[in-house]
Amino acid sequence: MDYREWKERERMYACWLCNFSGIGNGQMYRLLELCGGPEALYLAGKDKWGQVLSEKQVQALAEYTAKWRPEAEYRKMREEGIRLLTIEDEEYPERLKNIPDAPYGLFLRGNLPGADAPAVALIGARECSEYGRYVARQLGTALGRRGITVISGMARGIDGIGQEAAMEAGGYSIGVLGSGVDVCYPAQNKDIYTKLLRTGAVLSTYPLGTPARPQNFPPRNRIVSGLADAVVVIEARVKSGTLITVDMALEQGREVYVVPGRVTDRLSDGCNRLIKQGAGVLLSPETFLEEIRQLWQKGGRRMPEGAASRRRKEKSVSSDASRDQGRKSGRKEEGREPGPELQVSFGREAAPEDLGLARLYQALDFYPRSLEEIRRNLPEEYSEKQIVAGLMQLCMENLAIQMSPGHFCCKKT
């Protein structure tokens with residue numbers, strides 16, 4: 001048996017071990033050290049297991065092992081496109097190896113980026129505001145274009161929005177699940193799950209088939225922060241699971257950035273409190289990208305080319321001849337595609353071409369405003385009838401949304 005065959009066989013028995021949910025990560029390491037590897041652990045039997053596990057755990061492991069067919073189960077997992085990475089594997093993320101109590105095994109669907117790719121975790125409220133959705137989209141787009149991996153939990157709200165935006169911008173994203181890697185949770189994020197399988201990856205420390213349970217998410221969150229160089233929080237209440245991730249990030253030595261919000265907005269209470277405690281403040285994608293570049297280069301590493309930069313280089317060779325021809329014929333040379341720092345901003349411009357609608361659009365905010373509040377931000381000549389008709393028009397053009405009777409906010413798509 002050569003080294004490759006031996007390694008695959010060890011991984012097959014590691015699959016047996018990692019699919020058993022009755023022992024903790026620390027116990028798993030002690031058993032492996034005691035027995036000398038996954039296959040030796042499988043063959044060791046109850047007496048050896050009992051040196052680390054309780055009597056109840058030993059019995060549960062024996063019953064599980066009696067039903068488990070290592071070769072058949074491992075083959076089935078591989079046929080479903082799922083791999084198992086153990087901490088001894090070269091592909092195992094280097095960042096995770098350095099966190100306290102690093103997971104022994106990771107179930108993976110898709111492909112992980114190289115170790116030379118910087119990564120940022122985007123996390124926040126599930127029930128986010130239109131403002132939060134907008135910021136998550138813009139920041140996810142900026143990171144995706146710049147070639148920075150976006151890590152998140154594929155949850156509703158901020159997590160999924162940021163991940164989807166990064167992938168749509170040509171970037172890479174990893175979804176860390178609080179269920180088995182073969183379980184899509186939440187179900188409404190099926191499209192994001194499918195995109196991650198195609199252009200990114202989903203991973204989990206939980207056995208295959210594990211449903212999403214509340215107790216699974218705090219341990220999952222430490223993997224989210226552990227995979228990232230920095231963590232960004234976009235909207236979080238004071239008592240929010242997002243803040244658990246922040247605590248874990250700080251314990252792991254990760255940088256934490258926060259998008260500030262209004263002091264009267266309960267969705268921003270957790271964010272504003274983090275700022276008071278000393279978290280970094282994220283005011284624009286441009287400044288954040290520069291800080292990530294500096295953070296990454298402290299270790300003597302070079303930032304990767306973003307998706308937009310790669311496309312520009314690919315176009316440059318084929319466009320040289322046409323530019324030369326344009327100069328000869330007297331045509332003006334077209335400007336280069338602007339970089340992400342010029343394409344992405346948290347600001348918003350008047351989207352409607354109609355001047356009246358444009359002024360009405362500017363009178364809106366990402367937070368719902370009443371008709372009276374909107375009227376106060378418009379010239380006196382605007383009548384209530386004009387305002388209501390204009391708001392209906394903006395809603396039909398997908399530039400505004402009616403949150404409740406008489407209350408509207410802008411919706412930048």
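The values are calculated or read from the model by the stated rules, or taken from the named source; none is laboratory data. Everything numeric in this text was worked out from a predicted model, so none of it was measured. Every residue, glycine among them, receives a Cβ derived from its backbone with ideal geometry; neighbour counts consider all protein chains shown. With ligands, DNA and RNA removed, areas are computed over all heavy atoms of the protein, side chains included. Shrake-Rupley method; radii C 1.70, N 1.55, O 1.52, S 1.80 Å.
Structural remarks
- Restricting the calculation to Cα atoms, every distinct pair contributes to the Kirkwood radius of region 91-200, found to be 14.1 Å.
- Working from label points 7 Å from Cα in the Cα-to-Cβ sense, the Ala62 to Gln277 distance is 4.6 nm.
- Expressed as a whole percent, the accessible surface of the chain that belongs to carbon and sulfur atoms is 49, based on a 1.4 Å probe.
- Rounded to 5, the percent of DSSP beta bridges in the chain classed as antiparallel: 40
- Measuring between alpha carbons in the structure, the pairs from Lys7/Lys76; Lys67/Lys97; Lys190/Lys411; Lys190/Lys239 lying more than 26 angstrom apart are Lys67/Lys97; Lys190/Lys239.
- With all pairs of separate Cα atoms included, region 365-413 yields a Kirkwood hydrodynamic radius of 10.8 Å.
- The C-alpha atoms of the chain define a longest principal axis, and helix 307-329 lies at about 40 degrees to it.
- Span per principal axis, largest first, for the Cα atoms of region 85-152 (Å): 43, 25, 22
- Between Glu397 and Glu373, the modelled labels are 2.2 nm apart [label points 7 Å from Cα along Cα→Cβ].
- In range of the label at Tyr3: residues from region 90-107 whose backbone nitrogen is under 20 Å from the point 7 Å along Cα→Cβ: 90-94
- Applied to region 270-277, the Karplus parametrisation 6.51 cos²θ - 1.76 cosθ + 1.60 on θ = phi - 60° returns per-residue 3J(HN,Hα) values of x, 5, 5, 5, 4, 4, 4, 7 Hz, with x for Gly and Pro.
- Accessible surface, region 1-125, averaged per residue in Å² (probe 1.4 Å): 52
- Simple point charges give the picture: +1 on the Cβ of Lys and Arg, -1 on the Cβ of Asp and Glu, and for the chain a dipole about the Cα centre of about 220 debye.
- With 10 Å bins from 0: P(r) over region 1-117, alpha-carbon pairs, percent: 12, 44, 34, 9, 1
- Legend: residues Arg237, Arg95, sorted from most to least accessible area (1.4 Å probe; ligands, DNA and RNA excluded), read Arg237, Arg95.
- Inter-part distance where region 81-110 and region 202-235 are each reduced to a Cα centre, Å: 13
- Leu34 paired with Gln188, simple spin-label distance in nm, labels 7 Å along Cα-to-beta-carbon: 4.7
- Heavy-atom accessible surface of Glu73, to the nearest 10 Å², is about 70 Å², with a 1.4 Å probe and all protein chains retained.
- Of the three principal axes defined by the Cα atoms of the chain, the extents in descending order read 87, 60, 38 Å.
- The Cα center of region 163-177 and the Cα center of region 252-290 differ in position by 21 Å.
- Per-residue 3J(HN,Hα) values for region 371-387, derived from phi via the Karplus relation 6.51 cos²θ - 1.76 cosθ + 1.60 with θ = phi - 60°, read 4, 5, 5, 5, 4, 5, 9, 10, x, 5, 5, 6, 8, 4, 4, 5, 5 Hz in sequence order (x marks Gly and Pro).
- Simple rule: put +1 on each Lys or Arg Cβ and -1 on each Asp or Glu Cβ in region 139-278, find the dipole, and look at Gly253, Gly241, Ala169; the Cα lying farthest toward the positive end is Gly241.
- The angle separating the long axis of helix 285-297 from the principal Cα axis of greatest extent in the chain is about 40 degrees.
- Placing a label point 7 Å from the Cα of Arg213 along the Cα-to-Cβ direction, the residues of region 165-187 whose backbone N falls under 14 Å from that point are 178-180.
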